[in-house]
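What follows is one structure encoded as structure tokens, with my remarks underneath.
The values are calculated or read from the model by the stated rules, or taken from the named source; none is laboratory data. Quick caveat: nothing in here was measured; it's all calculated off a predicted structure. Methodologically, a virtual Cβ is constructed for each residue, glycine included, from the backbone with ideal geometry; neighbour enumeration extends over all protein chains shown.
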Amino acid sequence: MPPTLEATLAEWDGEQVLLRRDHETGAWAIIAIHSTALGPACGGTRMRGYPSLQRAVADALALAAGMTLKFAAVDFAAGGGKAVIWAPPGLTPEARDGLLRRHGEHIRRLGGLFRTGPDVGTSPRDMDLIAERGAPYVFCTSSSAGAEGSAPLTAVGVFAAVELLCARARADGVRGAHVAVQGVGSVGRDLVRRLLEAGARVTIADVDADAAARFSGRAGVSIVSVDALLTTECDVLSPCALGGVLSARTIAGLRCRAIAGAANNMLAAPQDAARLRERGILYAPDFLVNIGGALGNTGIEALGWSKEQAVRRVRAAVRDNLREVIARAERRGRTTEEEARALARARLLKEGT
Ligand code: PHE
């Protein structure tokens, strides 16, 4: 039995949840504000289908908590939040546009408590629609410096993590390494390009066969089924699709040495971090690795960083945190996930009081 909506909300340690029924379309729009201790909440607007309202809310709550950890871990003055729009299937383009405009209205009324950017299922064009009423609390609109969306800078961070893991394991680093990328959507695709440029061999899979097929015939790329990808023997597994991929079942079958990817909330349960450690797989905690889009684009648009500065900051933040967390985990015999959470929590407490 899935938990009830009430139990899901009761277990959460965040500040508030705004739940809005969009009567025009029948969609549910959720804005979860997990923490404003370090600054106004910031997080993407995700739009997809869910099997139930409980699952949509649970996703928003977990993703918002992840944003708090991401920003805290890099000592950035933003809090954690996330918007999830559970849209009914088969919306006409006009109905979808209206839904996003009303979401923008809701964000404007919050007066800066929550700021948003693109995420799974939304694009810079969608940010334009949200910004019609939601500006100035919307990042990555198509006329902004973040017009390419948040994917390229997210991929910069994931690539930096993969490089670091490869450098620990092989004399040649990423050159000649084998990386398995699960999901070649906006981030995965960009990551694959960077990996190929750096001389890696890449195996990919995507639930959307057309997305994977775009790479067919490309030198250095093999395409396999989604199931086969998780058991591919490789140096680094890079989950770049949806969360929950690392579970008791999948971890038992993994044949990678390390994991670093763009997906949020990769661990299906907290114990999965220990399961990975027991199998000798080095796990780069997701919220340290996938900060690039949120950090880089917020830096560019809210603080005036140049693109080069953003790339430098993202690379340095990911590398420094990962190095530190791996060293601490080795020293103390704990999981990298525990150490990463401790690091983020310490920064939250320092700033938030
Ligand atoms: N998709 C981003 C993330 O999950 C959200 C984001 C993008 C936030 C751009 C701000 C700006 O981290």
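Just a few scattered comments:
- Residue count, the range 246-262 (criterion: surrounded by fewer than 20 Cβ atoms within 10 Å (Cβ to Cβ), of a type in the set (Val, Ile, Thr) and closer than 18 Å to His178 by Cβ): 0
- Residue in the range 293-300 that is over 22 Å from Gly121 (Cα atoms), within 16 Å of the ligand (Cβ to nearest atom) and more than 14 Å from the chain's Cα centre (by Cα) present: yes
- Within the range 116-133, if we keep just the residues that are over 21 Å from Gly188 (Cα atoms) and surrounded by fewer than 24 Cβ atoms within 10 Å (Cβ to Cβ), the residue that is nearest to the ligand (Cβ to nearest atom) turns out to be Asp128.
- Every test in (1) at pLDDT below 95; (2) closer than 27 Å to Arg315 by Cα is passed by Val226 save one, and that test is (2).
- Comparison of Glu308, Glu324, Glu337 shows that the only residue that is over 20 Å from the mean Cα position of the chain (by Cα) and touching a residue at least 12 places away in the same chain (Cβ under 8 Å) is Glu324.
- Identification of helices (runs of 4 or more DSSP H) wholly contained in the range 86-180 with 1 or more residues that are under 25 Å from Val325 (Cβ atoms) yields 151-169.
- Cβ-Cβ under 6 Å pairs, at least 6 apart or on other chains, the range 93-116 side within 18 Å of Glu24 (Cβ to Cβ) and in contact (Cβ under 8 Å) with a residue 40 or more places away in the chain, far side of a type in the set (Gly, Ala, Ser) and within 15 Å of the ligand (Cβ to nearest atom): Ile107/Gly134
- Within the range 199-223, the set of residues being surrounded by fewer than 16 Cβ atoms within 10 Å (Cβ to Cβ) and among the hydrophobic types (A, V, I, L, M, F, W, C) comprises Val207, Ala209, Ala213, Ala219.
- Exactly one residue out of Ala274, Ala284, Ala263 is over 14 Å from the mean Cα position of the chain (by Cα), more than 9 Å from the ligand (Cβ to nearest atom) and of a type outside the set (S, T, N, Q): that is Ala274.
- Looking only at the range 181-198, and only at residues there that are in a loop (DSSP other than H, G, I, E, B) and surrounded by fewer than 23 Cβ atoms within 10 Å (Cβ to Cβ), the one that is nearest to the chain's Cα centre (by Cα): Gly185
- For the range 235-245, the tally of residues that are touching a Lys or Arg at 6+ places or on another chain (Cβ under 8 Å) and either surrounded by fewer than 18 Cβ atoms within 10 Å (Cβ to Cβ) or of a type outside the set (D, E, K, R) (or both) stands at 1.
- Test result for Ala340, at pLDDT below 95, out of contact with any His (no Cβ under 8 Å at 6 or more places or on another chain), over 22 Å from Asp190 (Cβ atoms) and in a helix (DSSP H, G or I): no
- Residue list for the range 49-68, filter: away from the ligand (no atom under 16 Å from the Cβ) and among the charged types (D, E, K, R): Arg55
- Leading residue by the ranking (surrounded by the fewest Cβ atoms within 10 Å (Cβ to Cβ)) among those in the range 136-177 that are within 14 Å of the ligand (Cβ to nearest atom) and farther than 22 Å from Val74 by Cα: Pro136
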